[in-house]
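Here the structure comes first, spelled out in structure tokens, and everything after it is commentary.
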There are 2 protein chains.
Amino acid sequence: MTLRHAVLGLLADSPGSGYDLLKRFQTAMANVWSATQSQLYGELGKLEKAELIKVSAEGPRGRKEYSITDTGRTELQTWLLDPGPSPVPRSETLLRVYFLGEVSPAQARDYVARHGESAARLAEHLESLEASIDWDDADSSRYGRLVLEWGKRYAAMEQEWATWATERIRTTRG
Amino acid sequence: MTLRHAVLGLLADSPGSGYDLLKRFQTAMANVWSATQSQLYGELGKLEKAELIKVSAEGPRGRKEYSITDTGRTELQTWLLDPGPSPVPRSETLLRVYFLGEVSPAQARDYVARHGESAARLAEHLESLEASIDWDDADSSRYGRLVLEWGKRYAAMEQEWATWATERIRTTRG
DNA sequence: GAGCCCATGTAATAAGTTACATGATTGT
DNA sequence: ACAATCATGTAACTTATTACATGGGCTC
């Protein structure tokens, strides 16, 4: 039920069509939550039926602009303050690391080192993202700033861990 | 297709029944990957049909002990060294943070602070886990150690971020 | 009028969760 | 005998992915 709240959140910020939302999922939200086009249109239908959003305007090409309703905004706020159950951890990378004993130490080391490199690329990407955002436009980006900072710290942590782990694999055995 | 590899990895370490594997998912793997009982038995059936694993013994109560086959081990090794596509980011917490402008600053601050507290509890949990493991029993836990270290660093990062973010919300506005 | 973007939808499949259903064996 | 644990499986439902399908409107 989280896609639902992601959509509500975007529509709470400003009304938009499915197509508009899709673009926002692919840009601003790309590092936080993702949705496919197919999923999005389905969810918009359900949300409208549940009267959490409504069609507020229609445009060319069958465009339907949705807005959040009062009920929807209440639902969003309730969800926002609910810490919810802690998420099921599921990291494909960590799973691989856990089983790395199945391959040679050299291969294991390479795997971890490559993971560190990909974290470095993520860090770079976030740096350039940060540079490209106009942080003065205030309100909408205040909390986006916190999310970006989280990403930067996460990427840094991954890099440091990979460096540490690579070294550790080197020294534990030949 | 990752549950498949998690199962192969566990069976590569040692043979076991569905029931045995379930317990391993609930303990050792709990912080890395999760599977429900239902999913597990289904996957075991598929893996057997694909001849990546085989029934190596039968016991009381219809117990079937599975072992990995050579084909299965090869498949596991191939997967282990494949970095794979970077995972779709999906963090419910970060999604909430992103939309925190919908509630009052005081509520937003509380939310972030509580998140920090839950990260602190995770850190404690991992510390006690670390203390409870016999790190001398060598082979099987060598890479498990790297995974645990990742968890500790992750928990620390979350706590630091939450502290920073809480402070920032405090100072940015009243 | 050609090509690009806007715009919405459906179908098939895969993956995951919860609940239901059943029963044998072991230890006390 | 009773309870706890071992042990496997199925059904219904939800969520997410990929692919298919269609067409309008805008700009050059």
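The values are calculated or read from the model by the stated rules, or taken from the named source; none is laboratory data. Not measured: the values here are computed from a predicted model. Note that we place each Cβ from the backbone using ideal geometry, even for glycine, and neighbour counts take in every protein chain shown.
Restricting attention to region B:22-36, and to residues there that are surrounded by fewer than 19 Cβ atoms within 10 Å (Cβ to Cβ) and near DNA strand C (Cβ under 9 Å from one of its atoms), which single residue is farthest from the chain's Cα centre (by Cα)? My answer is B:T36. Residues that are within 12 Å of DNA strand D (Cβ to nearest atom) and hydrophobic (A, V, I, L, M, F, W, C) within region A:31-52 comprise A:W33, A:A35, A:L40, A:L47, A:A50, listed in sequence order.
Condition check ((1) assigned by TED's automatic domain parsing to the domain that holds B:A155; (2) within 30 Å of A:R109 (Cβ to Cβ); (3) in contact (Cβ under 8 Å) with a residue 12 or more places away in the chain; (4) part of a loop (DSSP other than H, G, I, E, B)) across all residues:
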residue	(1), (2), (3), (4)
B:A106	yes, no, no, no
B:R114	yes, no, no, no
B:A123	yes, yes, yes, no
B:L126	yes, yes, yes, no
B:E130	yes, yes, yes, no
B:R142	yes, yes, no, no
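B:W79 meets each of the listed conditions (1) surrounded by fewer than 20 Cβ atoms within 10 Å (Cβ to Cβ); (2) within 15 Å of DNA strand C (Cβ to nearest atom) apart from (1). When the residues of region B:37-62 are filtered to those that are within 23 Å of B:T27 (Cα to Cα) and surrounded by fewer than 13 Cβ atoms within 10 Å (Cβ to Cβ), the one that is farthest from DNA strand C (Cβ to nearest atom) is B:G45.
Residue pairs whose Cβ atoms lie under 6 Å apart, separated by 6 or more positions or on different chains, with the first residue in region B:145-168 and among the aromatic types (F, W, Y) and the second at pLDDT 95 or above and in a helix (DSSP H, G or I), are B:W150/A:W161; B:W161/A:W150; B:W161/A:R153. The numbered conditions (1) of a type in the set (S, T, N, Q); (2) within 15 Å of DNA strand D (Cβ to nearest atom); (3) touching a residue at least 12 places away in the same chain (Cβ under 8 Å) are all true for A:S56 except (2). Output the residues belonging to region B:1-19 that are more than 14 Å from chain A (Cβ to nearest Cβ) and either within 14 Å of DNA strand C (Cβ to nearest atom) or free of Cβ contacts under 8 Å to residues at least 24 places away in the same chain (or both). Selection gives B:S17, B:G18, B:Y19. For region A:92-130, the set of residues classified as crowded, with 18+ Cβ neighbours inside 10 Å, more than 25 Å from the chain's Cα centre (by Cα) and more than 7 Å from every other protein chain (Cβ to nearest Cβ) consists of A:A108, A:R109, listed by residue number.
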